[in-house]
Amino acid sequence: MNRIALVDVDGRNFPNLALMKLSASHKAQGDAVVWYSPLFSRPDRIYASKVFSFTPDFQDYAAGDPEPIRGGTGYDPAVKLPDEVERTLPDYSIYPDWTSALGFLTRGCIRNCPWCIVPKKEGGLQEVDDIERIAAGRKSVVLLDNNFLAADEEFVREQLEKAARLGLRLDFNQGLDARLVRFWNAKLLARCRWMRFIRFSCDTMEVLHEVRAAVEVIRGAGYRGEFFCYMLVQDDLEDAEYRLRELVKLKVTPFAQPYRDFSGKAETTKAQRDFARFANVKGGKLCLKMSFKEYYH
Ligand code: SF4
């Protein structure tokens, strides 16, 4: 039996799927798995995972402990789990407060947005799992797919119909691609149960029109729940403010994110951070009462 120690470098606010799969895989081989402690672990092997490039690295390893095996986009997007580990269902016991199932139905993306690492890391779209297998008896499922609606129509239908039939509450927490909403998938999305929102992204003015159309067609298909929209804040704050106001008028909850280059080298600017604060307070509704300039002056 090996002693395996894990380091979630980003912190434990959101479960790290790779560590959960590594834990499950090692436990299936009879190994003991613990969170790394420089004082107490005495591990045979350490896995350190870091999702975000801007998270400071964990350095506090005890002398004599093995060099950690590092993975995750925050270290090196090219590092991948072995296939057999990737297929393992996660070990939820290492995040005992987390109650939803977690996984990917698809990997990759059909687009190539210049700020995004997904196509470089994962390539084009691949269908990789099944909603019932991911749920594994849990009633809510958080899906980390980057562009689920870009999968084949047959796959999208099969997965959403199954989710609706099983009564699963879904959250595509990276957002769905509004440009791919059509009446047939809108009807399926409207039939599903949602953990709270249907989420989209609205990173440019062109996509704003697509988000507006997608919200209308999904509401038209009978959806009565809420919408949420990530919005990238680059240097043009007037553009961002226009998108923000239009989303709020559509009764979509915005979530502004200052632009970060995926290598983690470019810092966000103070103006972008201030704008995100203005946009995210009170679900964005401040922008209907005052402009960003008025808020800060
Ligand atoms: S659509 Fe989303 S996942 Fe795909 S490249 Fe653009 S930002 Fe990345």
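The values are calculated or read from the model by the stated rules, or taken from the named source; none is laboratory data. Every value quoted in this text rests on a predicted model; they were computed, and no experiment measured them. Ideal geometry is used to build each Cβ from the backbone, glycine not excepted, and the neighbour counts take in all protein chains shown. The accessibility values were calculated without ligands, DNA or RNA, using every heavy atom of the protein model including side chains. Shrake-Rupley method; radii C 1.70, N 1.55, O 1.52, S 1.80 Å.
Observations on the structure shown:
- Relative to the longest principal axis of the Cα atoms of the chain, the long axis of helix 153-166 lies at roughly 80 degrees.
- P(r) of the range 176-293 over all Cα-Cα pairs, binned every 10 Å from zero, in whole percent: 14, 44, 30, 12, 1
- Legend: calculated FRET efficiency, GLU67 to VAL34, from the Cβ-Cβ distance at R0 = 25 Å, rounded to 0.05, equals 0.90.
- Share of pairwise Cα separations in the range 1-97, more than 17 Å, in percent: 48 percent
- Residues MET195, MET231, ordered by accessible area of protein heavy atoms at a 1.4 angstrom probe radius and largest first, appear as MET195, MET231.
- If only the Cβ of Lys and Arg carry +1 and only the Cβ of Asp and Glu carry -1, the dipole of the chain around its Cα centre is close to 1140 debye.
- Top of ILE218, ILE110, ILE131 by mean-square fluctuation, Gaussian network on the chain, Cα under 10 Å: ILE110
- For HIS209, the solvent-accessible surface computed with a 1.4 Å probe is close to 110 Å², ligands and nucleic acids excluded.
- Selected from LEU188, LEU125, LEU81 as most flexible by GNM, with the chain as the system and alpha-carbon contacts under 10 Å: LEU81
- Compared with the dominant principal axis of the Cα atoms in the chain, helix 270-280 is inclined by about 70°.
- Projecting the Cα atoms of PHE255, PRO68, TYR47 onto the dipole axis of the chain, where Lys and Arg carry +1 and Asp and Glu carry -1 at the beta carbon, places PHE255 farthest toward the positive end.
- Shape analysis of the range 102-194 yields a ratio of the Cα radius of gyration to the Kirkwood radius, Rg/Rh, of 0.95.
- Inter-label distance for ARG224 and ASP261, nm, one decimal - labels placed 7 Å from Cα along Cα-to-Cβ: 4.9 nm
- For the chain, the normalised intensity computed at q = 0.09, 0.15 Å⁻¹ comes to -0.50, -1.25 (log10 of I(q)/I(0), Debye sum over alpha carbons, equal scatterers, no solvent).
- Whole-Å distance, taken between Cα centres, linking the range 137-206 and the range 17-81: 31 Å
- Ranking TRP194, TRP184 from most to least accessible surface, computed with a 1.4 Å probe over the protein chains only, gives TRP184, TRP194.
- Nearest 10 degrees, 0 to 90: helix 17-28 Cα axis against the chain principal axis: 30 degrees
- Dipole moment magnitude, nearest 20 debye, the range 1-97 about Cα centre, only Lys, Arg, Asp, Glu C-beta charged: 120 debye
- In a fully extended conformation the segment linking GLU158 and LYS139 would gain 5.0 nm over its present Cα-Cα distance, using 0.36 nm per residue.
- Using the Cβ-Cβ distance between ASP235 and ARG193 with R0 set to 41 Å, the FRET efficiency works out to roughly 0.55.
- Ligands, DNA and RNA excluded, the heavy atoms of ARG45 present near 100 Å² of accessible surface to a 1.4 Å solvent probe.
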